Every structure is written in C-alpha cells, then in structure tokens.
1. Among the listed residues 29, 10, 5, 47, identify the single one that is at pLDDT below 95, more than 16 Å from ligand 1 (Cβ to nearest atom) and closer than 30 Å to residue 316 by Cβ.
2. Which condition number does residue 324 fail, the rest of (1) open to solvent by less than 70 Å² (accessible area, probe 1.4 Å); (2) closer than 22 Å to residue 258 by Cβ; (3) under 22 Å from the mean Cα position of the chain (by Cα) being met?
3. In the stretch 132-140, is there at least one residue being outside any helix (DSSP H, G or I), open to solvent by 30 Å² or more (accessible area, probe 1.4 Å) and within 20 Å of residue 71 (Cα to Cα)?
4. For the stretch 363-397, enumerate the residues that are assigned to a strand (DSSP E or B) and either within 16 Å of ligand 2 (Cβ to nearest atom) or under 17 Å from the mean Cα position of the chain (by Cα) (or both).
5. Report yes if residue 81 is within 16 Å of ligand 1 (Cβ to nearest atom), surrounded by 16 or more Cβ atoms within 10 Å (Cβ to Cβ) and part of a loop (DSSP other than H, G, I, E, B), otherwise no.
6. Which condition number in (1) open to solvent by less than 50 Å² (accessible area, probe 1.4 Å); (2) in contact with a strand residue (DSSP E or B) (Cβ under 9 Å, 6 or more places away or on another chain); (3) within 16 Å of ligand 1 (Cβ to nearest atom); (4) over 23 Å from residue 195 (Cβ atoms) is the one that residue 108 fails?
7. Kindly indicate whether residue 182 is open to solvent by less than 10 Å² (accessible area, probe 1.4 Å) and either farther than 20 Å from residue 24 by Cβ or touching a Ser or Thr at 6+ places or on another chain (Cβ under 9 Å) (or both).
8. In the set 59, 44, which member is open to solvent by 80 Å² or more (accessible area, probe 1.4 Å) and in contact (Cβ under 8 Å) with a residue 12 or more places away in the chain?
Amino acid sequence: MSRPRFIGYRCSICGTTYGPDQLLYTCTRDSGNLDVVLDLAELRKRRPGFDSSERSLWRYLPLLPVSDPGELGLHTPFRSVGCTPLFSPPRLNRSLGIRRLWIKDEGRNPTASYKDRASALVIRRALEIGVGTLVTASTGNAGAALAGLAAAVGRQTVVFAPRSAPEAKIAQLLVFGARVFLVEGNYDQAVDLSLQAVEAFGWYCRNTGTNPFTLEGKKTAAYEIWEALGQDAFSGVEPLAVFVPVGDGNIISGLHRGFEELVELGWIERLPRLFGVQAEGSAAIARAFAEGTETIRPVQAETLADSIAVNRPADGVRALRAVRRTGGAYLQVRDEQILAAIRELGRAGLFAEPAAAAALAGLKRAVEQKLVGEGDSALVVRTGSGLKDVPAAARAVPEATIIEPTLQAVEKAL
Ligand SMILES: *Cc1c(COP(=O)(O)O)cnc(C)c1O
Ligand SMILES: [Zn+2]
C-alpha cells in the first residue's frame, strides 16, 4: 500500500488503461503518451496541509504517484528540487505594459533547469521498482538533471546527447559521473539510439515524455504557482497567462495536468491560459496548432535554442491540448528575438539560456498580437540558467572593452 493514489495509466490517444505495476513507457497499441491515473477522491473531501517545512517538490507528496522518499537522498540535491522563486521585475513589467509580470525561476533548481522536477520523480519511481542503470536521451539538461540527482543517491546513469550540445551541459554530465555518449547526429537520433539501448541492455528509460513520470514531476510547478499567487489568479478577476518554451512539449503538458488537478480538486476556479513558445526553426507543434490538427509533422530543427531544438516532439499531442483546452495559443519566435530577450532578462538580473528566454520573446509577441493586454497578468517560465550556454549569451551582447591596466586607459575608453 505504498502508493494508494496511483491507480494505473491511461493512453492519451486511445484511452487504453494499464495497471500500476507494469513497467511501461508509451501505449503498446499506438505509442501514445500515457497519463498517470491518480485517485484524487480522498483529497477532494479533505484538503491536506502541505508540509511547510519541506522546501522542495516533495511537499506535494499527497498529489504524487510515488511513495514518501523517507531517508532517500536526505540533505542532498535530490531533496532540494522545486520551490523555486517567483520574481516580478518592475521595469520589465512596465515595458510590457501588462498588469503584472511574474517570472518563475527554474534555473534555481539543483542542476539549473526545469528538468530536475522530472528526474526527481523518475529516480524515485526507479528505486521503488528496483531497477539498476538509468538512461536518458537529452539535449543536455535532462541528462544533467538525471545524472546529478542520481549521483546524489548513488546511482549510475547513461546519457545520449547530440555532439553539438553546449559545452557547459556536457561538462555537467561528466562531472556528475554519467557515462556520456555524444551522438554524431541530432537530438532525435540520440532519442532513437537510447531507446534501442534500453531494449538491448534492460536499462530504465527517463526519456522526456516517454517515461510517464517525467510529466508527474513537471506538474509540480503548477502547484507552486497556485500557492504563490493564490486563488484570485485563477478566477475571472485576474486571469493568468502562462508562457512556456516548448520542445518535446512535456513541460507545458505537465503544467496543464497540474492546473487541471487543482480544478478537479476544487482548489481553483479555472485554468490559466497556457501559451507555448517555439523557435521558428523548430516549430512542429506550433505548426500543427496553426493548422488546427493533432497530426504533428516532423521538422528539421534549426535554432540556437538547443533545449527546444526537436524534430519529432515526444509529447506533442498533449502539448497541443494544453494550449487548445485553456484558450491559449502557440507563438513562434526568431533567434534574434530570443537573443533580445536574453538581454532584457539580463537587465532584470536574470541570466537565461536561449530556450528559457524564448518564453519572454513569446510574451512580447503575444502582447503585440493583443492576445495579452494591459488587464492581464502573465507568468514566464525561465526554464534554465544562462550559465548552461555561455557562447549563446555572448552573442546577445556587445563585447567588453579591453584596456591597459591604467586609469588613463579607462578615461580614454569612457
Ligand atoms: C527541456 C527544456 C525546455 C522544453 O521542454 P519540453 O518538455 O521539451 O517542451 C525548455 N527550456 C529548457 C531550458 C529545457 O531544458
Ligand atoms: Zn493508445
């Protein structure tokens, strides 16, 4: 009876249900993403008090499909994922001309990206069912999250990343002790190879969207936003618009699920509008949104925002529904707009990697298109730290002045 609320899985495409004790990734019939099914009836009757001393996503244990981690990873980074700060930079807020701007700073997670939420849940699940080696394909952040948090609890990891991944992300993987394979190819090829390796070697697969527990971790940011902003942000009075950078589509699907559960539980009145932001050169989901279909055609991804460079999104259908079912929209942004957003976030004291800055670039487009106006509040998810990709940041700003070590030289340069 370790997981009383976890009933099983349901395919998001065909609705086939599966029991909770099977080791499952996607639907065996149609490869659809599996939703974890939770029994929330008890919670609807009696709202739990969340443990306020728990400054991590583990405070939401009553809403998670895994058992209490207990002593596992206590006093390690494994237990410090989530509960990230929410900022409201006044100047940036004024320049956007909206009612209130919020920035959820996911760069403050232990390995500096949103991916830590997913990896924490996947690792907990892996240890529950007693698997050995954990593996993931990654553009860099998912791998770092898996490797770092698994290292914290003494577990082995294998990561397949595209050879072109930013150097800092690769260094992070190696420092955390992962066995790293840099694939001569793109992220999608790294995904295919990782799935073959899982099949061949019996490893446990964390791949984003493929492992149902990634979404369960990612939904927890929705609870934090609700706790921080209160009910009014989810009523008719102050409708919230949430901006999320989208690659595979798992973060936006997770946020959707988290908010849906809060509605289901009667703790909020309505869902916030979810806006997905994709790079123009990697916009498979945004295109399907524009075409009004759920059929997602692969693209040849081309963008400097490596974390959202995806040809074949692993969680595209749920990511489309997240936006369609909340009255949001998909926006596409150019790489120059992403670089400009890195500068603007920097002026607010926030250093974002390109994919994270894309969310702000998307909000600016939404304001231009009058999807968000002066009466609206918007929340931008800063999904990863700028230290993850320093060369990209350098492209966003002018070079520093190099001078002789004399005051004269400073005066001359001023
Ligand atoms: C993974 C990632 C994203 C996109 O998340 P998806 O679930 O792939 O849509 C955005 N930003 C950063 C920094 C990421 O690491
Ligand atoms: Zn199915």
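The values are calculated or read from the model by the stated rules, or taken from the named source; none is laboratory data. Everything quoted here is computed from the prediction, not taken from an experiment. Neighbour counts run over all protein chains shown; Cβ positions are idealised from the backbone, glycine included. Each accessible area value is taken on the protein alone, full model and side chains, heavy atoms only, with ligands, DNA and RNA left out. Shrake-Rupley method; radii C 1.70, N 1.55, O 1.52, S 1.80 Å.
1. Values: 29 fails: at pLDDT below 95; 10 fails: at pLDDT below 95; 47 fails: closer than 30 Å to residue 316 by Cβ.
It is 5.
2. Condition not satisfied by residue 324: (1).
3. Step one: filter the stretch 132-140 for residues outside any helix (DSSP H, G or I), giving 132-140.
Now narrow it down to the ones that are open to solvent by 30 Å² or more (accessible area, probe 1.4 Å): 132-133.
Restricting the remaining residues to those that are within 20 Å of residue 71 (Cα to Cα) gives 132.
The answer is yes; a qualifying residue exists.
4. Keep residues of the stretch 363-397 that are assigned to a strand (DSSP E or B), which gives 377-382, 384-385.
Matches in the stretch 363-397: 379, 380, 381, 382, 384, 385.
5. yes
6. Here residue 108 meets the rest and fails (1).
7. Values: open to solvent by less than 10 Å² (accessible area, probe 1.4 Å): no; either farther than 20 Å from residue 24 by Cβ or touching a Ser or Thr at 6+ places or on another chain (Cβ under 9 Å) (or both): yes.
Judged against the criteria, residue 182 is not a match.
8. Values: 59 fails: open to solvent by 80 Å² or more (accessible area, probe 1.4 Å).
Step by step, each of 59, 44 is checked, and only 44 is open to solvent by 80 Å² or more (accessible area, probe 1.4 Å) and in contact (Cβ under 8 Å) with a residue 12 or more places away in the chain.
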